[in-house]
Each structure stands twice: as C-alpha cells, then as structure tokens.
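Trainee: I'd like to ask you about the structure that follows.
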Amino acid sequence: MRAVLNAYGRALLSQLHGRMILLSLIPFALSVALWAALLWLGLQPLVDALHGFFVEHDGFRLSGGVLGALGLGMLKTVIVPLIAMFLLLPLMILTALLFIGVAAMPAVGRHVGGRHFPQLEKKRGGSFAGSLKTSCGAFLVFVLGWFVTLPLYVFPPLALLAQALLWGWLTCRVMAYDALADYASEDERRALMRTRRWPLLAIGLVSGAAGSLPGLLWMGGAMSVVFFPFLAMLAIWLYVLIFIFTGLWFAYFCLAALGALRGAGGAGEAAAAEA
C-alpha cells in the first residue's frame, strides 16, 4: 500500500505540471467537437424515438406511478430527456477514454518514464491495436453494468457505489495496459497484473469513486435537461482530468513495480505467469 500512496503523491504533483494541464485540452477539444456535432444532429431524434416508445408502451403512466411512489413525481414531465441523457453518458465516457488513450497516454508515459524511470528498458509489449481492443472490450462490460445499475439512480448512494465499482474495474483494465505498453513485455505485463492485482484494483476503485462523480451532474432533474449542453461539456472536462490523473497514477505505480520485478528476477515470474 505504501507504493500505491507514493504513486498517488507523485501523480498529484505531475497533474499540476503545465504540460499535463495543456495535454488535457486536446482530448477535451476533440470530445466536445465530436459531441457538439452528434447532439446537434441526433439528440432530438433520440428524444422523439424514446417519446414514441413511451407512448406506444404506456411508459408515461408506469414511470409516473414509480416516480410518484418514490416522491419524485416532479420528474415525470422530463423523464424522456433524462433517459436520453443517461443513455448518452456512457458514450461520452467512451469517447473521452479513447481520445485519452490516443492523444494523452503516450505523452503521459513519456513524461513519467523519461523523467522518473530513465533506466527502464522499453520492451514494447503493447500496441495501439492491443490498447484499442482492451479499451473496447472493457467498455462493453462497463456499458452492460451501467444499464443494469441505472435503476439505482433513484437511490443516489447506491448508484454512486455501483458506479465506483464499475469505474474501478474499467480503469484497472485499461490504464494498466496503457501504462505498461511501451516498457513491459507481454510476459512482464501478465506477471504484474497477477502479482499486483490488489494494489491495481485499489487504485482503480479510488479512481472509480472520482470517476463516478460527474454522473451526479445528471441528478438535477429538470434543470439537468435545461442546461444539458453545458453540463455535458463540464462532465467531459471532468472525465478528461480524472482520466489523466488516473493515467499518471497507474504509470507511476506500474513502472515502479516493473523496475522492482526486473530487479528481483522478473523473468522467472513472467515465465511462471505464462505457464
């Protein structure tokens, strides 16, 4: 746990570095540009389709009864746009994650590795294709879990816990791969994922708790609908900052662990993990 806390402190200081602040602007600008176009072209058709579904399946009466029983009857007039927003949120997360992986994580790795781990040999066991495959596969599981836990949003504490767990798993899967892509061989990455699974999961869970916070922006009821474009921009910016900090945290921890693995006979551990 000491290594986790040490990596956290170093990541926090690096997050304030001017280069990291500027780096966050690239994926933020790409995400906002993409979603501005998508919302302009697709938000109203999505709302219309959901409205038609509710009318056809008597959804307004059913949702009104459920919300009334929970003391949230005032939301029944905006239930359709709220559902549309919750459906779009995972896609916003995906685009932020992909843009971070493409535009930011290589620079994060160079920043951390070049400044603090210059002695580590780059074995390049990862690749862009492998990162994309890992990100998309993990995100499919994340989306499934997201939809399953959507009803928990009527009980915000439970929703926050569920989202933290989902985010913890997602960040652990994706960020650990990206952090080790340039420096570790495939065998070394497997060995580290096996021997350091609990510290990596702990980093993921803490990051997941932070990553679930932007979802609270959508709990403002009717006001969330009115200010949706602005809330979307704010949420994307928060996701980008959280992703970059998480990437730094994983990079510091994983590269330190890789150095320890190689210094302690990591080849044998990697071979055992492969077997």
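Trainee: Give me the extension gain from L161 to H57: residue separation times 0.36 nm, minus the current Cα-Cα distance, reported in nm with one decimal.
Mentor: This chain segment gains 34.3 nm when fully extended.
Trainee: Could I ask something else about it? How large is ³J(HN,Hα) for each residue in segment 169-186, as worked out from phi by the Karplus curve 6.51 cos²θ - 1.76 cosθ + 1.60 (θ = phi - 60°), to whole Hz, x for Gly and Pro?
Mentor: Result, ordered by residue: 5, 4, 5, 4, 5, 7, 5, 5, 4, 5, 5, 9, 4, 7, 9, 9, 6, 4 Hz.
Trainee: Compute the FRET efficiency between M1 and K122 as 1/(1 + (r/R0)^6), taking r as their Cβ-Cβ distance and R0 = 22 Å, and round to the nearest 0.05.
Mentor: E(calc), rounded to 0.05, equals 0.20.
All of the numbers you see were taken from the coordinates with simple rules; none came from a lab. Values in this document were obtained by computation on a predicted structure and should not be read as measured data. Neighbour counts run over all protein chains shown; Cβ positions are idealised from the backbone, glycine included.
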